[in-house]
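Following: one structure in structure tokens, then a few remarks.
The values are calculated or read from the model by the stated rules, or taken from the named source; none is laboratory data. Being a predicted model, the structure only gives us computed values, none of them experimental. Note: ideal-geometry Cβ built from the backbone for every residue, glycine included; neighbour counts use all protein chains shown.
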Amino acid sequence: MYRNFIKLIVSSIIIITVILIGLSFVKFKLSLSPREMSILHFSYEKVKIAERQPLIATALRSPIDVSPPSKEGYPDVLLSEIAPAARAEEQNVSFILIKGGKKIAIINNVVVREGDSINLGKVARIEKGGVLIKNKEGEQWLKIN
């Protein structure tokens with residue numbers, strides 16, 4: 001078995017040597033397109049770089065009118081005086097999603113999860129029928145509409 005291994009190694013070396021000697025006699029012709037030949041014979045030319053002076057524009061106007069808006073047509077009373085803040089009973093639960101371990105609700109167009117804080121307290125629980133809100137005053141169930 002050892003002899004077969006040595007025969008294999010020696011024969012491989014002889015074959016590789018014969019192939020390399022044979023290839024040394026083969027001459028390959030360089031065949032390039034005219035475009036490739038022009039790139040092959042490329043020589044760079046020095047280009048003079050002229051330094052440009054900055055141009056200062058003095059008479060430009062902004063295309064956007066930034067004048068303050070007029071107060072015409074607006075009420076003199078603050079919005080908070082006209083529309084008071086929402087009370088607890090005005091909270092609106094519009095959507096409840098319970099899937100796997102995820103519980104999500106939409107209260108007054110805000111997406112909340114259990115543990116989130118909203119303007120009236122903390123979302124304690126989310127169940128099929130409503131959302132439990134806890135605050136300083138106690139607990140309150142908001143039913144889905």
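Here are the numbers for the structure shown:
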| quantity | calculated |
| --- | --- |
| Residue in the range 106-116 that is surrounded by 10 or more Cβ atoms within 10 Å (Cβ to Cβ), touching a Leu at 6+ places or on another chain (Cβ under 8 Å) and at negative phi present | yes |
| Residue in the range 52-73 that is of a type outside the set (A, V, I, L, M, F, W, C) and in contact with a strand residue (DSSP E or B) (Cβ under 7 Å, 6 or more places away or on another chain) present | no |
| Single match in Leu40, Leu97, Leu78, Leu60 (criterion: modelled with pLDDT of 80 or more, more than 30 Å from Lys143 (Cα to Cα) and among the aliphatic types (A, V, I, L, M)) | Leu40 |
